[in-house]
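In what follows, a structure is listed as structure tokens, so that the remarks can point back to it.
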Amino acid sequence: MSVRVENLTKMYDDQKAVDDLSFEVTEGRILGFLGPNGAGKSTTMKIATGYIPPSQGTVYVNGMDVRSNSLAIRKITGYLAEQNPLYSEMYIAEFLRFCGGLYELSGRKLKQRVGEMMDLCGLMPEQKKKIGKLSKGYKQRVGLAQALIHEPDVIILDEPTSGLDPNQITEIRNLIKHLSLDKTVLLSTHIMQEVEALCEDVVIINKGKIVGSGTVDELKSKSEKGMVLIVEFSDVPAVEVLMRINGISEIEFESKNKIRLYCSKDVDPRSAIFQYASEAKLELLGLQVQKNSLEEIFTQLTKKSDK
Amino acid sequence: MRRILAKELNAFFSSIAAYLVLGIFLVVTGLLMWVFPDTAVLSYGYADMSTLFTFGPYIFLFLVPAITMRLFAEENKGGTMELLLTKPLRDWDIIVGKYFAGIIIILVALIPTLIYYYSVYALGNPVGNIDSAGVTGSYIGLFLLAAVFCAAGLFASSLTENQILAFLLGAFLCFLIYAGFDGLSRMSLSGSAAYMMERIGILYHYEAMSKGLLDSRDIYYFVCTILLFLFLTKMKISSRKW
């Protein structure tokens, strides 16, 4: 049940929205699909769900080509679109019954699935409201519920947490994590914490092209910058001496006796700093390694490809 | 297709607009048939129903686009076309489902007017002195005419996300095919052009049917016009793929 994007290109008039894109979502894993706004994430997902056709290349879902097997693919795929379109005049259960019906669920099975999804997505407290009257967080839950009602093998979620408040984001994330066990998930976002919280693999695109891919840890280690240390001494340290330590490229004062050290790539000056402290008769109160965040890597990769 | 049909009927009959549309149709036809002295059967003195079949098309000219205007425009506006088109549905399932929903609503409006037929039938002297064949032909004609309007209205609705625009466009299309071509044919065109023009319009075929004469050519005309508009709608829906 993998999703394989192969040499995918999509032209809108003369503009290339997606440019020769290839990657694969392995079965049973969650792939975070990252990129700045307008990078071509939604376009790729719309092609994968059969909503729009590719200009060149194609997407295989479970080995089936979207160009020829769109209907069969749509049966095993659950999709939450970016704008999360819903029928505001319908009640939640009515809407889920309608969506389930489109996947040819019926009778007791349909009733049971609607109940399960209402439970799982925490929609029970709002069941008497029409969808149009729900808050954004609840609408998003309804969107997720409709995407998952037919127990799809492949789930495609386009920015499932955009526009939600921090509590809702956490709730929706937990929900996705919970619901996507042993499913193949392609999830787009531009929020880095989301990727770290949810995804196993990452593909970063910019202007329709891949600028980075791999597991979250692999990507982090690909950074061009070295580590960043925050060091606190008992008294003011001597900058000139510290600068002489191999691998320290820049020093910034956070306060009188607390400094931020930027190191060159692949060098670890921590023991040298400890040595300096003992030689200078300073006590080392704290030493903290700031890991390269995915956010930095995202900026580096997308900026680089802009040039 | 069945699911879309059910959804549309559900949406229509759970809104006040449905009862308004059906109510207006029945009130207007009722007034024309029985109350207004210029058109009422009672003051006319002859047991026929030509009033209903003369004015019916003009009422449908407005009411059918009012029924069809939301069918696609609402989906376009709410972005729910994307929801439908990423479900395992063919484009045709959606179009035909919505079209049949429109047809069923038209039938629901038309069926109560059978009471008019029964009333005229019972009031005739002697009882039953009515051209039943003519009435049957006219009913089939009026239904087919409304079916064409429904297809035209559906197409108009697929073009826009604004329901008012969909209504106006639908009403204009219906007017054009009902009376427009006929009117144009009366202009000083050459004989064969006028002949062609007249036959493109609905009026010619509708009048032929009102005489109780069910000619297969007229039926073909209606079916082909309906298919034409449904194909145009399909083209519009598929245009996302261009």
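What follows is calculated from the coordinates using simple rules that are stated; it is not laboratory data. All figures in this text were calculated on a predicted structure; none of them were measured in a lab. All Cβ positions, glycine included, derive from the backbone under ideal geometry; neighbour counts span all protein chains shown.
Before moving on, here are some points about what is shown:
- Note on A:Asp217 and A:Ser88: the extension gain reaches 42.3 nm, defined as 0.36 nm multiplied by sequence separation minus the Cα-Cα distance.
- Checking the Cα-Cα distances for A:Lys16/B:Lys77; A:Lys183/A:Lys209; A:Lys16/A:Lys130; A:Lys139/A:Lys304 against a 30 Å cut-off, the pairs over it are A:Lys16/A:Lys130; A:Lys139/A:Lys304.
- Those aspartates and glutamates that a straight Cα-Cα span of less than 13 Å connects to B:Lys87, excepting residues fewer than 8 apart in one chain: A:Glu104
- Exposure proxy order (Cβ contacts within 10 Å, fewest to most) of B:Leu71, B:Leu123, B:Leu84: B:Leu123, B:Leu84, B:Leu71
- Counted by neighbouring Cβ atoms within 10 Å, the residues B:Val108, A:Val5 run from fewest to most as B:Val108, A:Val5.
- A Förster radius of 41 Å combined with the Cβ-Cβ distance from B:Val108 to A:Glu196 puts the calculated FRET efficiency at roughly 0.10.
- 0 to 90° range, to nearest 10: angle between helix A:92-102 axis and chain A longest Cα axis: 70 degrees
- Between A:Phe274 and B:Arg90, the modelled labels are 7.3 nm apart [label points 7 Å from Cα along Cα→Cβ].
- Once the Cβ-Cβ distance of A:Thr299 and B:Ser239 is raised to the sixth power relative to R0 = 56 Å, the FRET efficiency obtained is 0.90.
- Using alpha-carbon coordinates, inclination of helix A:294-306 to the longest axis of chain A, degrees: 80 degrees
- Net lengthening on full extension, A:Glu24/A:Asn167 (0.36 nm per residue, minus Cα-Cα): 48.3 nm
- Karplus-derived 3J(HN,Hα) values for the stretch A:109-120, using 6.51 cos²θ - 1.76 cosθ + 1.60 with θ = phi - 60°, are 4, 5, 4, 5, 5, 4, x, 4, 5, 4, 5, 4 Hz; glycine and proline are entered as x.
- Rounded to whole Hz, the Karplus (6.51, -1.76, 1.60) HN-Hα couplings of the stretch A:194-210, x for glycine and proline: 4, 5, 5, 7, 10, 9, 9, 10, 9, 10, 10, 10, 8, 6, x, 10, 6
- Computed across the stretch B:105-242, the Kirkwood hydrodynamic radius from all distinct Cα-Cα pairs reaches 16.8 Å.
- Rg in Å to one decimal, and Dmax rounded to a whole Å, for the stretch B:90-177 via C-alpha atoms: 17.0, 55
- Alpha-carbon centroids, the stretch A:233-268 and the stretch A:51-80: separation in whole Å: 54 Å
- Helix B:114-123 and the long axis of chain B differ in direction by around 0°, with both axes built from C-alpha atoms.
- Ordering of B:157-169, B:218-230 by burial proxy (mean other Cβ atoms within 10 Å per residue, highest first): B:157-169, B:218-230
- FRET efficiency, 1/(1 + (r/R0)^6) with R0 35 Å, evaluated for B:Leu213 and B:Phe36 via beta carbons: 0.75
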